[in-house]
Amino acid sequence: MEEKGQRSQEIEKEYGAVEAVPQHARNVEFWDMVATWIGANANNGSWYVGGVVAGTAFAGSVYVTLIANPIAYLIMALIGYIGYKVGTSTMALTRPSFGIRGSYLPSVLNTTQFIGWTAVNTFIAAISISFICKGWLGWPAFGEPGGGKTMLFGIIVMSILHLLSIATGHKSVKMVERIGVVFILILGVWETVVVLRSVSFAEIVHWQPPTDKRMPIGAAMDAMAAFSLGWVPAIAEFTRYGKTKRTSTIAPMIGANVALFWFAFIGIIATIGTAISTGTYDPNNSDPSSIASKLGLGVVALLVIILTSTTANAVNLMAAGISLTNITKKIKPIAALWLVTILAAILTVVPLYLSSFLESFTAFLDYIGMVFGPIFSITIVDYYLIRKRNYEAAIFDDKRGKYWYQSGFNWAAMVTWVIGVVVFLLLRHLSAFTSSIGATYPAIVFSGIIYYILSNLMKKGRL
């Protein structure tokens, strides 16, 4: 009885970043994992990024969606497998490659990016709340004089919903995703039908953006790649609870790809359809709330948009909070989740007083592609090629162990990361890349090669 009680407590426990989840405490089934990643991607952000890349016209945006995202989710599966085998969080998995102290760098970056994603989804959901408040209470909506106060009210409402969704960690996240995925799929079908009733598919296919608002195909590739890669630092937070290898690798790929393809497609056709019906293409107004309002989808659609923000942000906040526990053990996992939720609410207010939301969003995507591409590359090369799939979680926190390197830093990884960032910044301004593949994936490949070379040189004592 005592042993059963102990095991029950372990299953209910929320594990910190460096703690390995034992096999008997892994309770996430295959379809729960699929639902989690459908809920993560069938959301406002996927719709919005679809609307952003619509600037490449229909053919270009579909091409970008079908090429950029499967590559990103293959990378996610590779790291998801490491999380399943080792049992720790994604940021803890950077300790063998970056060093124990060196892993603080990706952890800080990861915390900021998931707080940023929470702010993005919250802002879009707050726009929906502003339209609801206008219809019910007569308050000014987003974009109207005085709409800022209504947006602040929406941000507060969303933050309360977020606190409820992550109240008990991965258990409440799983429950939220199970409920949310049903409504999300219904909304997806509904919005697709409404858009195609408003404008013919042939018109959408042949539409071309104004010359001054056309988006280079490479820039669209980078935007899509960064959007999907943004989920990779969260993957092991969930795959370490997976019951099987398939649950931790194939299930996330299915959920993430299906939801992203569908909702980005909705964003593409909704934005182009709105441009055709209104005669004006403005990517600043490609957010789901504005388009749902223009298409006359009503309050129910706006409420579901709010729900999709909650399901996506449950994953975002989970990843941000657990990343904090890789930096310090003084903050317990649940307390960390609440802390990042409050910080995200504060950050959501920023776009109201700075540049347009579109500019803030695209700058944020550039940041993700720039800093995280090299990190994923280094982690994958280190696990699969350098260490031959052998990570020892028991010494992830051992300052006398092999992951301590020099004062806690593996300089091969740190130098490679800097080089990778510089390469990204250089490539994104070269026409050969802006007109084709973009800078994100070439920088990832280049970083992997550099890290492999530097690591082998250090092994042989040549550095």
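Rounded to the nearest 0.05, the FRET efficiency derived from the C-beta distance between residue 400 and residue 31 at R0 = 45 Å is 0.55. For the stretch 19-357, what percent of Cα pairs sit more than 35 Å apart? Result: 19 percent of Cα pairs exceed 35 Å.
Cα centroid separation, the stretch 29-79 to the stretch 329-355: 25 Å. Residue-wise HN-Hα couplings along the stretch 204-215, as the Karplus relation 6.51 cos²θ - 1.76 cosθ + 1.60 with θ = phi - 60° gives them from phi, are 5, 4, 8, 5, 10, x, x, 4, 6, 10, 6, 9 Hz; Gly and Pro carry x. Taking the average, over residues, of other Cβ atoms within 10 Å as the packing measure, peptides 244-255, 94-105 rank 94-105, 244-255 from highest down. Residue by residue, the stretch 109-122 carries 3J(HN,Hα) couplings of 4, 5, 4, 5, 6, 6, 5, x, 4, 4, 5, 4, 5, 5 Hz when phi is fed to the Karplus relation 6.51 cos²θ - 1.76 cosθ + 1.60 (θ = phi - 60°); x denotes Gly or Pro.
For the stretch 345-351, the Karplus equation 6.51 cos²θ - 1.76 cosθ + 1.60, evaluated at θ = phi - 60°, returns couplings of 4, 5, 5, 4, 6, 4, x Hz by residue, with Gly and Pro reported as x. Taking amide H atoms as placed 1.01 Å from N in the peptide plane, the amide H of residue 230 has no partner under 5 Å among residues 5 or more positions away or on other chains. Would you count, across the stretch 1-153, every pair of lysines whose alpha carbons are under 28 angstrom apart, provided the pair is eight or more residues apart or spans two chains? For the stretch 1-153, the number of qualifying lysine pairs is 4. Within the stretch 355-420, the proportion of C-alpha pairs whose separation exceeds 13 Å stands at 72%. Protection proxy ranking of 363-369, 60-66, by the mean of other Cβ atoms within 10 Å over each peptide's residues and highest first, is 60-66, 363-369. For the chain, the relative contact order is 32 percent, taking Cα pairs closer than 8 Å that sit 6 or more residues apart in sequence and dividing their mean separation by the residue count. The sum of -39500 (n - 2.57) across all DSSP H runs of n ≥ 4, divided by the residue count of the chain, sets its helix-only mean residue ellipticity at 222 nm to -23500 deg cm²/dmol.
All of the numbers you see were taken from the coordinates with simple rules; none came from a lab. Just so you know, these numbers come straight off a predicted model, no measurement behind them. No Cβ is skipped: glycine too gets one built from the backbone with ideal geometry, and neighbour counts run over all protein chains shown.
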